[in-house]
Amino acid sequence: MSLLVILLSVGAACCTGFGFVLQQDAARRAPQSDFLSLRLLLDLMRVPSWLAGIGLMICGMALGAFALGQGEVSVVEPLLATNLLFALTLSRFFTGQRLGRQGWGGLWLLAGGVTAFLLAGRPRGGEAVTEPLRHWLVIGAVVGLALALTAFARHPRTPWAPTMLGLAGGLLYGLQDALTRVCVLRLDAGGWGELFTGWQPYALVVLGVTSLVLVQSAFEAGPLRMSLPALTAAQPLAGIVCGIGFLGDRVRTDTGALAWQSAGLAAIVTGIVLLGLHPAMPEGKERHGSTAADRLMLDGPHESG
């Protein structure tokens, strides 16, 4: 396991975590009529804090792409899950809340789970699966589950809409990471011509826009503590499934190793939930009213007189 991969992955997690907090602070004030619509992105583009959050997320994606170019998806994804630690750090700065038992417990569970999974599984690269059926079965399962979750959450006042959309966005982010790894391998193998003759870079664009709409809609629909834990938990799980499913990533499969890997993944998810529910995470209460009033709020205060 390369130190460079670890540093790049943690740097990506830092940028992504900070970016999520800034994005949610803007998205929660967006007009309700923008829910699950491209208009949401167009409206948010006028909000400086959202643009700053997107800038940080793009930096995180770039660092993540470099990490995926140097290491396996099954290594990078658990490290990217630590973005919640950085999100909590920024949220704690805003709210002034102490970590307490819940915060420290979630932190140690997340860090310990990542360590246990990586040490027990010892993920390593292998030959990418060339069988198209296996590719499409894995991709279809991830996309199908994301679509099903989105269908259940298509109304913003559905109680679990933020969680379901966070899960859907996280699944697509995990698939996006796996396809990023495929694009890097194609670029290394045959240059730009080889990259753009495949379908993967175009699928990345579609996945990027779709997942962005889903995640911003999740941020708009409810508190960060409802959407971010689901998103953060779903992304590494989907990425690991894709990495093993069609990228040829291999992990140890003896009984002891599988037990520790399962325990590590369970600790990661539990730690994410504890951190996501921490009081330091902003409530992000909905501010939906009339569309005109919402748009004025989204644009920001204006000077009078």
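The values are calculated or read from the model by the stated rules, or taken from the named source; none is laboratory data. Predicted model, so just to flag it, every value in this text is computed and none were measured. Cβ placement follows ideal geometry from the backbone for every residue including glycine, while neighbour counts extend to all protein chains displayed. These area figures cover heavy atoms from the full protein model, side chains too; ligands, DNA and RNA do not enter into them. Shrake-Rupley method; radii C 1.70, N 1.55, O 1.52, S 1.80 Å.
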Whole-angstrom gap from segment 138-170 to segment 194-215, using each part's C-alpha centre: 18 Å
For the chain, I need the span (max minus min coordinate) of the C-alpha atoms along each principal axis, in Å, sorted largest to smallest. 67, 49, 34
Based on DSSP H runs of at least 4 residues, each adding -39500 (n - 2.57), what is the mean residue ellipticity at 222 nm of the chain after dividing by all its residues, to the nearest 500 deg cm²/dmol? -26000 deg cm²/dmol
Rounded to a whole number of µm²/s, how large is the Stokes-Einstein D of segment 20-172 at 25 °C and 0.890 mPa s, given Rh as the Kirkwood radius over C-alpha pairs? 134 µm²/s
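Helices from the chain with mean Kyte-Doolittle at least 0.5 and a Cα length along the axis of 24 Å or more, per DSSP H: which?
3-27, 48-70, 100-121, 132-152, 161-196, 200-221, 224-246, 255-276
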Nitroxide proxy distance, nm - points 7 Å out along Cα→Cβ at residue 119 and residue 206: 4.3 nm
Choice from 223, 78, 201 showing the highest fluctuation, given a GNM over the chain with Cα pairs closer than 10 Å: 201
Tell me, in nm to one decimal, what length is gained between residue 2 and residue 89 on full extension, where the rule is 0.36 nm per residue of separation less the Cα-Cα distance? 28.7 nm
Among 109, 195, 63, which one moves the most in a GNM of the chain with springs linking Cα atoms closer than 10 Å? 195
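Using DSSP to define loop residues, name the trypsin sites (Lys or Arg not before Pro) in segment 1-70 whose beta-carbon has at most 14 other beta-carbon atoms within 10 Å.
46
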Against the empirical 2.2 N^0.38 Å scaling, what ratio does the C-alpha Rg of segment 155-290 come to? 1.25
Report, to the nearest whole %, how much of the accessible area of the chain belongs to carbon and sulfur atoms, 1.4 Å probe, protein only. 68 percent
For residue 145 and residue 253, what does the FRET efficiency come to when R0 = 25 Å and r is the distance between their Cβ atoms, rounded to the nearest 0.05? 0.55
Taking only Cα atoms and a 10 Å spring cutoff, compute GNM fluctuations for the chain and point out the largest among 177, 254, 34. 254
For every other residue with a beta carbon closer than 14 angstrom to the beta carbon of residue 106, add +1 if it is Lys or Arg and -1 if Asp or Glu, then tell me the sum. +4
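If I take every Cα pair under 8 Å that is 6 or more residues apart in the chain, average their sequence separation and divide by the length, what percent do I get for the relative contact order?
Relative CO of the chain lands at 32 percent.
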